[in-house]
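The values are calculated or read from the model by the stated rules, or taken from the named source; none is laboratory data. Please read all numbers here as calculations on a predicted model, not as lab measurements. Please note: Cβ atoms are built from the backbone with ideal geometry, for glycine as well, and neighbour counts cover all protein chains shown.
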Amino acid sequence: MSGLVLSVEQARALRAEAASQHKIVVLTNGCFDVLHVGHVRYLEEARQQGDLLLVGLNDDQSTRLVKGPGRPYVPQEDRAEILAALRCVDGVILFSESTAEQLVKSLKPDVYVKGGNYRIDELPEARIVAEYGGRLYLTAHVPDRSTSSLVSTILARHTGESE
């Protein structure tokens, strides 16, 4: 079963329903601009941390803030639809802030997941998760798998430049 694109209110209702059934709710977030195997492995590992995986997706405006003026390459509606179609994703929530702090405060997931390329002490969401007693989990880092490296490879091959 693939997920849905949800409003924050719908995600809160889904989270409450899951909690009433004693299910573990997992939240992660990111831009997921050009989906690649690193994203898929990350999301699958995040899903393994609980019963329900919600994905906060940076909208186009916040993706530009986080990644720079040339991004995103893929519009938010397309990114949301692609993520929601993944078997491991139960719901996608668009958000406009540069961090997921407000989303974490609102949903209070049992587990908040970020990639292994982060450190807990540099995540602004970590303090919020600790305040309500949630758990923070860092996935394994998938080296050499990023949107930037994928785009560089595509450009190099398209223009005939060596990688």
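A few comments on the model shown:
- Annotation note: of ALA84, ALA80, the sole residue that is more than 14 Å from ASN29 (Cβ to Cβ), assigned to a helix (DSSP H, G or I), touching a strand residue (DSSP E or B) at 6+ places or on another chain (Cβ under 7 Å) and in contact (Cβ under 8 Å) with a residue 24 or more places away in the chain is ALA84.
- The set of residues in region 87-102 that are closer than 14 Å to VAL26 by Cβ and in contact with a helix residue (DSSP H, G or I) (Cβ under 7 Å, 6 or more places away or on another chain) comprises CYS88, VAL89, GLY91, VAL92, ILE93, ALA100.
- Restricting attention to region 43-76, the residues that are in contact (Cβ under 8 Å) with a residue 60 or more places away in the chain and either in a loop (DSSP other than H, G, I, E, B) or among the hydrophobic types (A, V, I, L, M, F, W, C) (or both) total 4.
- Checking TYR42 against (1) within 21 Å of VAL129 (Cβ to Cβ); (2) surrounded by fewer than 22 Cβ atoms within 10 Å (Cβ to Cβ), the condition it does not meet: (2)
- From the list VAL74, VAL40, the lone residue that is under 13 Å from the mean Cα position of the chain (by Cα) and of a type outside the set (D, E, K, R) is VAL40.
- Those residues of region 103-138 which are part of a helix (DSSP H, G or I) and farther than 23 Å from HIS39 by Cβ, in sequence order: LYS105, SER106, ASP121, ARG127, ILE128, ALA130, GLU131, TYR132
Yes/no per residue for (1) buried (at least 18 other Cβ atoms within 10 Å of the Cβ); (2) modelled with pLDDT of 95 or more; (3) on the phi > 0 side of the Ramachandran plot; (4) touching a Phe, Trp or Tyr at 6+ places or on another chain (Cβ under 8 Å):
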position	(1), (2), (3), (4)
LYS105	no, yes, no, no
ASP110	yes, yes, no, no
ASP121	no, no, no, no
ARG157	no, no, no, no
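- Against the conditions (1) under 21 Å from HIS22 (Cα atoms); (2) among the polar types (S, T, N, Q); (3) surrounded by fewer than 18 Cβ atoms within 10 Å (Cβ to Cβ), GLN49 satisfies every one except (3).
- Looking at VAL66, VAL37, VAL8, just one residue is at negative phi and touching a Leu at 6+ places or on another chain (Cβ under 9 Å), and that residue is VAL8.
- Test for ALA18: is it in contact with a strand residue (DSSP E or B) (Cβ under 9 Å, 6 or more places away or on another chain) and either buried (at least 19 other Cβ atoms within 10 Å of the Cβ) or assigned to a loop (DSSP other than H, G, I, E, B) (or both): yes
- Taking region 75-98 as the range and being modelled with pLDDT under 95 and either crowded, with 18+ Cβ neighbours inside 10 Å or over 26 Å from ALA16 (Cα atoms) (or both) as the test, no residue passes.
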